[in-house]
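Asks: Pasting a structure below so you can have a look.
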Amino acid sequence: MPLYDTIIIGSGPAGLTAAIYATRANLKTLVVAGQVAGGQLMLTTEVENYPGFPNGVLGPELMELWRKQAERFKADFVDDDVTKVDFKRRPFKVWTTDQEYEGRSIIITTGANAKYLGLPSEERLMGKGVSACAVCDGFFFKGLDVVVVGGGDTAMEESLYLAKLCKTVTVVHRRGGFRASKIMQERLLKTPNVKVVWDSEVLEVLGATKVEGVRVRNVKTGATSDLKAQGLFVAIGHVPATEVFRGQLQLDKDYIVLQPHDGFQTSTSVEGVFAAGDVHDFRYRQAVTAAGFGCMAALDMEKWLQTHE
């Protein structure tokens, strides 16, 4: 079994950027890309806010270019999921469905997945008016009517962002009051083009090929109504992909906790194991920040290996 200088778990912007930096430093690098490779950008149609693409770029196309760049510098790829890890002894061990790998260091870039409502119509219209990221996709809805689902700080932030771009923003919340911080609630309720539909849940996203409306039901009365809208933004939280690291690393609300030491900003609770991107970053959650974290993690990892030769 070959011993890798680093094993990168995940293949979104953070993982592939880390792979480019690691391989260019002449380090033997394995990327365990996952069975569904490429991260959340694979679910995004047009990406208009990634630097270097003035006319925009399709999410899957951007990830394909990214991977080709990592492969050009001779990173090894395994398109499988990690089923188990052992970070308690060195070299670190990583298992996939039918293989075992050893690495002198680890970079975790498994990301986080947006929570969705679980409706067939929502899945069918994903990227065709259904989104989970206002900063990513809000621009496409300039001057249009949109619906936001949720009641926490994320929903408030998304709604306030969209209110600057959209004609109207309707927030649908299943309770009679928001869970968000008071200051965020006040800001939202004072925004003139935002209205709230309380005690209601989304039953169905309407439209054959693109979002044309949202059917909601009042959970108290059972009455249904249709809201005309060209976009639906689901803002009910994210789930970091950290299940396999339970008991191996310190987590907080499922996010990996960074523990900077000796100048290594991307260190985790286990020395020699680093994390980058949405797997620890619950604040920014952008492709460009994930890529930045991937660069940082690779540089930290390289310097750490030098000091532990």
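The values are calculated or read from the model by the stated rules, or taken from the named source; none is laboratory data. Small disclaimer: the values here were computed from a predicted structure and weren't measured. Glycine gets a Cβ as well: all are built from the backbone with ideal geometry, and neighbour counts include every protein chain shown.
Asks: Which of the residues spanning region 204-235 are among the aliphatic types (A, V, I, L, M) and surrounded by fewer than 17 Cβ atoms within 10 Å (Cβ to Cβ)?
Replies: Listed by number, the residues that qualify are 208, 219, 223.
Asks: Hey, can you tell me all the residues within region 20-38 that are of a type in the set (S, T, N, Q) and in a loop (DSSP other than H, G, I, E, B)?
Replies: 26, 35
Asks: Residue 48 - would you say it is among the acidic types (Asp, Glu), within 21 Å of the chain's Cα centre (by Cα), at pLDDT 90 or above and loosely packed, with under 15 Cβ neighbours inside 10 Å?
Replies: no
Asks: Looking only at residues that are modelled with pLDDT of 95 or more, assigned to a loop (DSSP other than H, G, I, E, B) and not aliphatic (A, V, I, L, M) in region 263-277, which one is nearest to residue 92 (Cα to Cα)?
Replies: 272
Asks: Taking region 210-239 only, how many residues are in a loop (DSSP other than H, G, I, E, B) and touching a helix residue (DSSP H, G or I) at 6+ places or on another chain (Cβ under 8 Å)?
Replies: Result for region 210-239: 4.
Asks: Shifting gears a bit: Checking the conditions here, which among 165, 119 is more than 13 Å from residue 232 (Cα to Cα) and surrounded by fewer than 20 Cβ atoms within 10 Å (Cβ to Cβ)?
Replies: Of 165, 119, the one residue that is more than 13 Å from residue 232 (Cα to Cα) and surrounded by fewer than 20 Cβ atoms within 10 Å (Cβ to Cβ) is 165.
Asks: Do we have residue 244 as outside the structural domain of residue 34 (by TED's automatic domain parsing), within 23 Å of the chain's Cα centre (by Cα) and surrounded by 14 or more Cβ atoms within 10 Å (Cβ to Cβ) here?
Replies: No; evaluated as a whole, the condition is false for this residue.
Asks: Pull up region 25-66, narrow it to residues that are free of Cβ contacts under 8 Å to residues at least 60 places away in the same chain and either among the β-branched types (Val, Ile, Thr) or not assigned by TED's automatic domain parsing to the domain that holds residue 104 (or both), then point me to the one that is farthest from residue 275 (Cα to Cα).
Replies: Only one residue tops the list, namely 57.
Asks: In addition: Which number in (1) out of contact with any Ser or Thr (no Cβ under 7 Å at 6 or more places or on another chain); (2) assigned to a helix (DSSP H, G or I) marks the one condition that residue 188 misses?
Replies: Going through the list (1) out of contact with any Ser or Thr (no Cβ under 7 Å at 6 or more places or on another chain); (2) assigned to a helix (DSSP H, G or I), residue 188 breaks only (1).
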